[in-house]
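Quick note: the coordinates plus some simple rules give every number you see, no bench work behind them. Treat the numbers as computed from the prediction; the structure is a model and nothing was measured. FYI the Cβ positions are ideal-geometry reconstructions off the backbone, even for glycines, and counts take in every protein chain you see.
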Amino acid sequence: MSTFLDDGTMVDKMAQFNLSDEVADAERHRPWPAGLFAKTLFKKHDFRAVLICMQNSARMKEHHADGTISIHVIRGHLCVWVNGHPHEVPLGSLFTLAASIRHNVDAIGDSAFLLTISWPSDQELASMKHRGYGS
């Protein structure tokens, strides 16, 4: 059991997750709006771990993250588009992307992945030209 602050930041210094169980739990929430389900598993001031499940042919529209990201495919297959170029990310693969790079994600079959974000400090965020997702 985890303890959270009002902003969702975890107080705990460690956590462990069974990703197969987390995906099974996500399946129980179908149908998902826009074919997507996201659950933040772990949140600290400098790090996020998010489980994202996508139905076949679902798309995450172009967006960016303010920190460096990794995408680890734990079910299915993804195609990550960066600067108009497709990058196939099959089951078991890890894809990384530097901060602030615009991209979109397509599910090829029902898919799930663990998204990790190395979150910038407040000072770094304030100095960025753009902020947040979808901008």
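Would you list the P(r) distribution for region 6-54, with all Cα-Cα distances sorted into 10 Å bins from 0 and each bin expressed as a whole %?
Taking all Cα pairs of region 6-54, the binned fractions are 22, 48, 28, 2 percent.
Most exposed first by the Cβ proxy, i.e. fewest other Cβ within 10 Å, how do 59, 28 rank? The partial results should precede the final answer.
Details: 59 15, 28 6.
Neighbour counts put them in this order, fewest first: 28, 59.
For the chain, what does the relative contact order come out to in percent, with C-alpha contacts under 8 Å and a separation of six or more? Could the numbers behind the result be given before it?
Numbers: 279 pairs, mean separation 36.0, N = 135.
Computed value for the chain: 27 percent relative contact order.
Which of 35, 85, 120 sits closest to the plus end of the dipole of the chain, meaning its Cα is farthest towards the positive end, when Lys and Arg get +1 and Asp and Glu get -1 on the C-beta?
Ranked along the dipole, the leading option is 85.
Lysine pairs in the chain with Cα distance under 23 Å, only those 8 or more apart or on different chains: how many are there?
Number of lysine pairs found: 5.
On a full-extension model of 0.36 nm per residue, what is the gain between residue 11 and residue 96, subtracting their alpha-carbon distance, rounded to one decimal in nm?
27.9 nm
For P(r) over Cα pairs in 10 Å bins from 0, in percent, one of [x] 12, 41, 36, 11, 0; [y] 11, 38, 29, 17, 5, 0; [z] 11, 33, 24, 10, 8, 7, 5, 3, 1, 0 was computed from the structure I shared and the rest are decoys. Which label?
[x]
Per DSSP H run of n ≥ 4, the term is -39500 (n - 2.57); total these for the chain, divide by its residue number, and report the mean residue ellipticity at 222 nm rounded to 500 deg cm²/dmol. Walk me through the intermediate numbers first.
Numbers: 2 runs with 15 residues, N = 135.
The per-residue figure over the chain is -3000 deg cm²/dmol.
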